[in-house]
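Input: a single structure, listed below in structure tokens.
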């Protein structure tokens, strides 16, 4: 048991170090694209809740919200108005793609019974949305309503962006963790994302 708990302590510290790296990388991407934090949501599970929420009644997966999470940023001045000069950025951190492939049912998944980590992958997906016309829609509601665009493996998107619903058009990119492995790679990747989105008509202040 002592050896097992030693491995748990090592794993916990490694996980926190990974989260710190993710926080720094996501912030750098958002800053580089000139957008500010708006909202966030776990991708498949739930937030832990407030002060009086009993964590013992929640799934253990809820305890690791950065396992799969969507962090949303925007340059909008008003959350309830959308201008063609404004847009929304979603950075989706996928530490383990298992639930994107298997889905999540009503019974809490057993971490020892789901697909082995060797058969899944880790990646970051970046989605950008902008309105077709000026409209009095709430950005959060529109984001929830919009369909997720098919992400591209390369830093290229179609000039004619697809309609994704809620009066928005959008595109998606896939970023591999190797692309943000160090500061130089991260800087190059941010420039590539910015150039790609700029070419697709997304305004940036930086």
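Derivation of every value follows stated rules applied to the coordinates shown; laboratory data play no part. The structure displayed is predicted, hence computed values, not measured ones. FYI the Cβ positions are ideal-geometry reconstructions off the backbone, even for glycines, and counts take in every protein chain you see.
Here are a few things to note about the model shown:
- A simple spin-label model places the labels of residue 158 and residue 140 3.2 nm from each other, with each point 7 Å out along Cα-to-Cβ.
- Scoring 77-85, 121-129 by mean Cβ neighbours within 10 Å over their residues and listing the highest first yields 121-129, 77-85.
- On the beta carbon distance between residue 122 and residue 4, with R0 = 25 Å, the FRET formula returns roughly 0.50.
- Computed P(r) (all Cα pairs; region 2-199; 5 Å bins; percent): 1, 7, 14, 18, 18, 16, 12, 8, 4, 1, 1, 0, 0
- Across 86, 147, 101, mean-square fluctuation computed from a Gaussian network of the chain (C-alpha pairs under 10 Å connected) peaks at 101.
- Rounded to the nearest 500, the helix-only mean residue ellipticity at 222 nm of the chain stands at -9500 deg cm²/dmol, with each DSSP H run of n ≥ 4 adding -39,500 (n - 2.57).
- Residues in region 20-39 reached by a label modelled at residue 191 [backbone nitrogen below 20 Å; 7 Å Cα→Cβ]: 25-35
- Here the alpha carbons of region 1-100 define both size measures, Rg and Dmax, at 16.9, 59 Å.
- Here the gap between residue 63 and residue 51, fully extended at 0.36 nm per residue and compared with their Cα-Cα distance, gives a gain of 2.9 nm.
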